[in-house]
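Scroll down for the structure; my scribbles are underneath it.
The values are calculated or read from the model by the stated rules, or taken from the named source; none is laboratory data. Keep in mind that what you see is a predicted model, and the values were worked out from it rather than measured. The area values use the complete protein model at the heavy-atom level, side chains included, leaving out ligands, DNA and RNA. Shrake-Rupley method; radii C 1.70, N 1.55, O 1.52, S 1.80 Å.
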Amino acid sequence: MDRKYFKPKSLTWWASVVPLLLGLVIALGPLWSPLEPLVAAAQALTGNMAPAVLINGGLAGIGLRGALR
């Protein structure tokens, strides 16, 4: 099985996954109240960036990383 997009030992992969996860936490925060502390931390780390920007940036980074392979 070719793991073109899943490279947990790669720094560039992590640089794309972290914004993706932060965006998901911020987006899901209003739907699930136990995430409120994580949402506050994610917003502090990202400077109140929109979740869609973080998610799309993370997906684009993972896609580019896979395409450059």
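Suppose the chain between residue 36 and residue 59 were pulled fully straight at 0.36 nm per residue; how much longer would it get relative to their current alpha carbon spacing?
Working it through step by step, the gained length comes to 5.9 nm.
Given a 1.4 Å probe, how much area per residue of the chain is accessible, in Å²?
For the chain, the solvent-accessible area averages 70 Å² per residue.
Once the piece of chain linking residue 15 and residue 45 is laid out straight, how much longer is it, given 0.36 nm per residue of separation minus the C-alpha distance between them?
Stretched out fully, the residue 15 to residue 45 stretch lengthens by 9.4 nm.
From the P(r) of the chain, could you give the percentage of C-alpha pairs in the tail past 17 Å?
Roughly 44 percent, once rounded to a whole number.
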